[in-house]
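A quick write-up on the structure given underneath.
The values are calculated or read from the model by the stated rules, or taken from the named source; none is laboratory data. What you see is a predicted model, and the numbers here were worked out from it, not measured in a lab. We place every Cβ from the backbone using ideal geometry, glycine too, and count neighbours over all the protein chains shown. Heavy atoms of the whole protein, side chains included, go into the accessibility calculation; ligands, DNA and RNA do not. Shrake-Rupley method; radii C 1.70, N 1.55, O 1.52, S 1.80 Å.
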Amino acid sequence: ANIYKGFSTVDRIRPPYTVTNAEAVKRDLLNELKTRKGERVMRPNFGTTIENLLMNPLDDYVEQEIREEVLRVVSKDPRVEVQSLFSQVLDHTIRLELSLILKPFLDEQTLYVEYSQENLEV
């Protein structure tokens with residue numbers, strides 16, 4: 001049964017643009033995680049400050065700040081629960097792997113997020 005339905009043109013060349021259940025939830029999470037805070041009109045708290053943090057030297061403090069931002073965004077979504085968050089800091093890149101439980105199905109999903117200084121608009 002499709003409980004969650006959404007719409008996404010990401011990675012789609014032609015219709016249908018409908019996304020359901022796990023795909024819809026993951027797309028919604030990625031949408032907010034990849035949006036810079038303050039970028040959305042009328043939604044000043046939507047998004048994260050992660051892209052700003054990437055300009056700093058990638059140390060343990062920055063990595064912890066990024067983890068907290070990711071967990072803050074995910075915890076706002078009642079459809080998922082975080083099982084674990086693995087982060088890897090490389091040169092100018094941070095890779096995150098979130099293990100999520102999708103409610104009410106209780107199936108496990110993995111969400112991959114990557115932030116890279118090369119992809120930032122200056």
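Annotations
- Summed over the range 90-116, the residues that are open to solvent by less than 50 Å² (accessible area, probe 1.4 Å) and more than 17 Å from Thr20 (Cβ to Cβ) give a count of 9.
- Per-region count, the range 83-108, residues within 14 Å of Glu63 (Cβ to Cβ) and outside any loop (DSSP other than H, G, I, E, B): 11
- Given (1) under 11 Å from the mean Cα position of the chain (by Cα); (2) open to solvent by less than 90 Å² (accessible area, probe 1.4 Å); (3) not small (Gly, Ala, Ser), number of the condition Thr49 does not satisfy: (1)
One line per residue, one yes/no per condition, for (1) over 14 Å from the mean Cα position of the chain (by Cα); (2) closer than 19 Å to Glu114 by Cβ; (3) surrounded by 13 or more Cβ atoms within 10 Å (Cβ to Cβ):
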position: Ala1; (1), (2), (3): yes, no, no
position: Ser8; (1), (2), (3): yes, yes, yes
position: Leu33; (1), (2), (3): no, yes, yes
position: Leu54; (1), (2), (3): yes, yes, yes
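- Among residues of the range 35-46, those that are open to solvent by less than 90 Å² (accessible area, probe 1.4 Å) and polar (S, T, N, Q), counted: 1
- Failed condition for Ser75, given (1) surrounded by fewer than 12 Cβ atoms within 10 Å (Cβ to Cβ); (2) of a type in the set (Ser, Thr, Tyr); (3) modelled with pLDDT under 90: (3)
- Of the residues making up the range 10-31, those that are under 23 Å from Arg72 (Cβ atoms) and surrounded by 11 or more Cβ atoms within 10 Å (Cβ to Cβ) are Ala22, Glu23, Ala24, Val25, Lys26, Arg27, Asp28, Leu29, Leu30, Asn31.
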